[in-house]
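J.: Below you'll find the structure I mean.
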Amino acid sequence: TRIRGIVRVTGRRTTFLLTGEISNRDYEVTEIDQDSYRLRLDATRQVGSHFSVAMGGNFEHSTRQDGIDSDTYTVNIALIRELGRKSKVSLNLLHRDRATNVEGGDYTENRIGVALTTSFF
């Protein structure tokens, strides 16, 4: 079961997107249910005729029926260059931090990526 709400505010050069989600998973095999909620804020700003910057932050809390809890924080930024009407390239930086009450379950992730996106339609 999932309930999601989205609010988008669009200006001339800037767009904000706020997403909230509450979910409940009922597993049939393990019989361990999981409840979680998530809140995400994204902002995109056009900084030139073919350049834009996208920034986002995410928080997710998860609780399982067997007592395992976790909190995950994610922050990302992307520099985007339009190559044409249907193509763009982006440089993406991401930082993720997860804390849990399970021994050895905590982790930190830093990621750099390059993406080429095109549409054929």
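J.: Please enumerate the residues belonging to region 99-115 that are part of a strand (DSSP E or B), open to solvent by 60 Å² or more (accessible area, probe 1.4 Å) and modelled with pLDDT under 95.
T.: Going through region 99-115, the residues part of a strand (DSSP E or B) turn out to be 99-100, 107-115.
Now restrict to residues that are open to solvent by 60 Å² or more (accessible area, probe 1.4 Å): 107-108, 110-112, 114.
Once the filter is applied, which keeps residues that are part of a strand (DSSP E or B), open to solvent by 60 Å² or more (accessible area, probe 1.4 Å) and modelled with pLDDT under 95, region 99-115 yields only Y107.
J.: Okay, next question. Which condition from (1) surrounded by 13 or more Cβ atoms within 10 Å (Cβ to Cβ); (2) closer than 26 Å to R8 by Cα is the one that S119 breaks?
T.: That leaves (1) as the condition not met.
J.: Ok, one more. Based on what the data block shows, is R81 free of Cβ contacts under 8 Å to residues at least 40 places away in the same chain, surrounded by 12 or more Cβ atoms within 10 Å (Cβ to Cβ), outside any loop (DSSP other than H, G, I, E, B) and of a type in the set (K, R)? Explain how you work it out, then say what you get.
T.: Numbers: free of Cβ contacts under 8 Å to residues at least 40 places away in the same chain: yes; surrounded by 12 or more Cβ atoms within 10 Å (Cβ to Cβ): yes; outside any loop (DSSP other than H, G, I, E, B): yes; of a type in the set (K, R): yes.
It is true that R81 is free of Cβ contacts under 8 Å to residues at least 40 places away in the same chain, surrounded by 12 or more Cβ atoms within 10 Å (Cβ to Cβ), outside any loop (DSSP other than H, G, I, E, B) and of a type in the set (K, R).
J.: Scan region 12-38 and report the pairs whose first residue is under 11 Å from T63 (Cα atoms) and whose second residue is of a type in the set (D, E, K, R) and modelled with pLDDT of 95 or more, with Cβ atoms within less than 7 Å and a gap of 6+ or a chain change.
T.: What qualifies is S36/E60; Y37/E21.
The values are calculated or read from the model by the stated rules, or taken from the named source; none is laboratory data. On a predicted model such as this, the values are computed, not experimentally measured, just so you know. Using ideal geometry, Cβ is built from the backbone for each residue, glycine included, and neighbour counts are taken over all protein chains shown. Each accessible area value is taken on the protein alone, full model and side chains, heavy atoms only, with ligands, DNA and RNA left out. Shrake-Rupley method; radii C 1.70, N 1.55, O 1.52, S 1.80 Å.
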